[in-house]
Structures are given as structure tokens and as C-alpha cells.
């Protein structure tokens, strides 16, 4: 019985040490917000079942990681159905040409500008964030220190997959001197690599 209690206490200490070592350092800051904004924040945090503090942290992080760069790097908003219609009218040959001649360099430059460097980790963290901000579901499996698998589910059509397959393969080959095999269909993009 005493052995079981000691084992449980050791497990609890281990969990507490892991949690406290992974806890981010925080600071307190005060903002003045109009009442309507506060009301909307509280309503939305209730809808998402998170604290208002968590919602504000998420919103500020999203702005600092992505939102403040959108117009600077040339992103424009377009309705998903309009995009699917326009992109779907192009042939796969035209899509590959656009990805090769314009898309690859634009993506590379956006990632460099927004991350400040261009290595595999910074590029992939940028690319993953870009997919998430494009309403794409991303699964990043990091099985060990060196192996990564990405699976992305979208509703933007085969040409969108072809476009990103072309860009990923070109950037990995030309910038990182690596070959990757990107698998696609009309709703999925997947690739894996080892560092």
C-alpha cells in the first residue's frame, strides 16, 4: 500500500514538473476597451467555451503571427466559391506554370519576410499557419525529432492541390536541396520528410 502511494506521489510530482517546465511566462497588461467590444469578447469566449483572457491571447497571437502581414505581403480576400470557380477554370498545365513562374518565388519571399529567415523549420511553420488561415485542416505528425508528416484537408479543388504540390516540391528542391514526394487529390495534400 505504501509503495503504491509513493508511486502515485512520484507520478504526480513528475506531471507537475512537466507542466511547470512547459508553462509560458506571462505578464499583465491593461487595455481600455469600449463596452461593446468587451461585451462581444465575453460573448464569443462563452460561445467558444474559453476564458476571455484566452480568446484575447489567441486573437493577439493570430494578429502578430499573420494578420499584420496580410496586406504587406499581398494577400487579398476572395470568397471561397469564387476562388474555386476561377481556379477550376485553369488547366493543370496553366496551374503548374503559374506555380513555377510566380507562385514559388512569392511563397518563398512571403515566408522569409514573415519569419525573418528561410530554413525548413521556419518555412514549414509559416506554411502550416498559411494553411490554417486558408481554412485548411492540418495534421502535423512529428513522430521523432527528425521525421515530419503533414496531411492537409481542404475543399478548394484539385488545382489548388496541384499548385501547392508544385510549390512545395520546387522550394524543397531549390532552397533546401531536398526531394520530397507530395501526394495530392482534389481535397488532400500530404508529404513527409526527415531532417
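The values are calculated or read from the model by the stated rules, or taken from the named source; none is laboratory data. Since the structure is predicted, the reported quantities are computational estimates derived from the model, not experimental observations. We place every Cβ from the backbone using ideal geometry, glycine too, and count neighbours over all the protein chains shown.
Values computed for the structure shown
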{"quantity": "Given (1) exposed (fewer than 13 other Cβ atoms within 10 Å of the Cβ); (2) modelled with pLDDT of 85 or more; (3) under 22 Å from residue 134 (Cα atoms), index of the condition residue 35 fails", "calculated": "(3)"}
{"quantity": "Breaking point among (1) assigned to a helix (DSSP H, G or I); (2) modelled with pLDDT of 95 or more; (3) surrounded by fewer than 17 Cβ atoms within 10 Å (Cβ to Cβ), for residue 166", "calculated": "(3)"}
{"quantity": "Residue within region 111-126 that is under 22 Å from residue 62 (Cβ atoms), surrounded by 13 or more Cβ atoms within 10 Å (Cβ to Cβ) and modelled with pLDDT of 95 or more present", "calculated": "no"}
